[in-house]
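Peer 1: Handing you a structure now.
The values are calculated or read from the model by the stated rules, or taken from the named source; none is laboratory data. As the structure is a computational prediction, the values presented were derived from the model and not from experiment. Don't worry about glycine lacking a Cβ; one is built from the backbone with ideal geometry, like all the others, and counts go over all protein chains shown.
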Amino acid sequence: MRVLVAPDKFAGTLTAVEAAEAIAAGWRRHAPDDELDLAPMSDGGPGFVDVLHATLGGELLVTTVEGPHGEEVPATVLHVGDVAYVESAQAIGRHLVTEGGAEFATTVGAGELLLAALGTGATTVIVGLGGSGTNDGGAGLLDALGAVADAGQLDGGPVLFAGLSSVDLAPARAKVAGVRLVAATDVDNPLTGLFGATKTYGPQKGIAEDRLYEVDGWLEQLAEATDRRTSLVKGAGAAGGLGHALLCLGAVREPGIALVAEAVGLASRARAADLVVTGEGAFDFSSRSGKVPYGVAEIAAEALRPCIAMAGQVLVGSREMRALGVENAYSLVDLVGEQRAFEDPVGSLQALGERVARQWSRE
């Protein structure tokens, strides 16, 4: 039996690569003769570069960039042929932002990472968005690339946008001239408003409920000073508005999961399999919003192959599961308990893989 194993990361415990390996190790305990094809996945957030490197190979270039609060943080650029891939979360991830610090956090490091990618000579640069702790509309990135504000500051978080009325984007656009720039994102929110970056994701980043209106107003100022029309485009609100900055520079937006799936040849690999296995930390109905399990399940359906999921927690019923294109979903917490699932995620996922293999393998 041929099994395609294509999970996302299990946030906080396992990378997508580690998750795929753990599922495969457990599966082989029961069905050692099954042929397992490991295709760790990403939607553009944390793990984006590692996932692509695991499948595509290429050269990893290590650099140091400015973190959200001015500290130095390590980051990597993946260079494959004439394409460079970067993961914005390495520079501005939620794990790098202090509690309640999103109002002062900058995306300058994401801009420096983009400059490092441009320095490879790549003709296409793909920026993975997701998992950010910042909420500055990408102003720091624009600053790093040379954009100039008439007043206020672009490089210190949205709290410093006071007085901002215009931003000269020409120097930044000149830096990316002749390069195809792609924003890989799993969300389609605009920059501002009821469904914008601040109102939707601000609370996850520690912005207090009573601060959301004012912070959103600061991003409205940035939108007016840069390109109001662009701020309304789907994906402009990705990564705290980093999508807006990239779109202002001429980037095209592509769903992260679709981009990764194409890069790793997931459709043809699904057609060659008898069963497709995906997974993530928490499998719930939000998985439909461009997340890995839904994207993998869609590809499995197109290939006329059944798709199942393994997750830290399964928070949907059978009806919702079917709506997501998944035959069945299996929970680590249900099998081993929450404590063990967090203390020994590899062993727990191996145990789950073994149990699921007993049900699905032909051995």
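Peer 1: Applying the selection to the stretch 191-242, what residues are of a type in the set (A, V, I, L, M, F, W, C), touching a residue at least 40 places away in the same chain (Cβ under 8 Å) and in a helix (DSSP H, G or I)?
Peer 2: Once the filter is applied, which keeps residues that are of a type in the set (A, V, I, L, M, F, W, C), touching a residue at least 40 places away in the same chain (Cβ under 8 Å) and in a helix (DSSP H, G or I), the stretch 191-242 yields Ala197, Val215, Trp218, Leu219, Leu222, Ala223, Ala225, Ala238, Ala239, Leu242.
Peer 1: Scanning the stretch 51-77 for residues that are among the acidic types (Asp, Glu) and in contact with an Asp or Glu (Cβ under 8 Å, 6 or more places away or on another chain), which turns out surrounded by the most Cβ atoms within 10 Å (Cβ to Cβ)? I'd like the intermediate steps shown before the answer.
Peer 2: From the stretch 51-77, those among the acidic types (Asp, Glu) are 59, 66, 71-72; that's our starting set.
Restricting the remaining residues to those that are in contact with an Asp or Glu (Cβ under 8 Å, 6 or more places away or on another chain) gives 66, 72.
On the way: Glu66: 22, Glu72: 10.
Top of the filtered list is Glu66.
Peer 1: Something else: Consider the stretch 159-190. How many of its residues are part of a loop (DSSP other than H, G, I, E, B) and crowded, with 18+ Cβ neighbours inside 10 Å?
Peer 2: Going through the stretch 159-190, the residues part of a loop (DSSP other than H, G, I, E, B) turn out to be 161-166, 169, 176-179, 186-190.
This time we only want the ones that are crowded, with 18+ Cβ neighbours inside 10 Å, so: 161, 164, 169, 176, 179, 186-187, 189-190.
Total satisfying the criteria: 9.
Peer 1: Let me ask something else about it. Pro293 fails exactly one of the following numbered conditions: (1) modelled with pLDDT of 95 or more; (2) crowded, with 16+ Cβ neighbours inside 10 Å. What is the number of that condition?
Peer 2: Here Pro293 meets the rest and fails (1).
Peer 1: I'm trying to understand the selection: among the residues of the stretch 67-89, which are under 24 Å from Gly133 (Cα atoms), hydrophobic (A, V, I, L, M, F, W, C) and either over 18 Å from the mean Cα position of the chain (by Cα) or part of a loop (DSSP other than H, G, I, E, B) (or both)?
Peer 2: The one that is under 24 Å from Gly133 (Cα atoms), hydrophobic (A, V, I, L, M, F, W, C) and either over 18 Å from the mean Cα position of the chain (by Cα) or part of a loop (DSSP other than H, G, I, E, B) (or both): Val73.
Peer 1: Of everything in the stretch 191-227 that's of a type in the set (Phe, Trp, Tyr) and within 19 Å of Ile92 (Cβ to Cβ), which residue is surrounded by the fewest Cβ atoms within 10 Å (Cβ to Cβ)? Please lay out each step first, then the result.
Peer 2: Keep residues of the stretch 191-227 that are of a type in the set (Phe, Trp, Tyr), which gives 195, 201, 213, 218.
Keeping just the survivors that are within 19 Å of Ile92 (Cβ to Cβ) gives 201, 218.
Working: Tyr201: 22, Trp218: 24.
So, considering only residues that are of a type in the set (Phe, Trp, Tyr) and within 19 Å of Ile92 (Cβ to Cβ), the one surrounded by the fewest Cβ atoms within 10 Å (Cβ to Cβ) is Tyr201.
Listed here are the residues, each with its yes/no results for (1) part of a strand (DSSP E or B); (2) in contact (Cβ under 8 Å) with a residue 60 or more places away in the chain.
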| position | (1), (2) |
| --- | --- |
| Ala24 | no, yes |
| Leu36 | yes, no |
| Pro40 | no, no |
| His53 | no, no |
| Leu60 | yes, no |
| Val65 | yes, no |
| Ala91 | no, no |
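Peer 1: Just one of (1) in contact with an Asp or Glu (Cβ under 6 Å, 6 or more places away or on another chain); (2) buried (at least 20 other Cβ atoms within 10 Å of the Cβ) trips up His30, so point out which.
Peer 2: (2)
Peer 1: Between Ala245, Ala263, Ala258, which is surrounded by 24 or more Cβ atoms within 10 Å (Cβ to Cβ) and among the hydrophobic types (A, V, I, L, M, F, W, C)? Even if it seems obvious, please write down each step before you answer.
Peer 2: Numbers: Ala263 fails: surrounded by 24 or more Cβ atoms within 10 Å (Cβ to Cβ); Ala258 fails: surrounded by 24 or more Cβ atoms within 10 Å (Cβ to Cβ).
Checking each option against the conditions leaves just Ala245.
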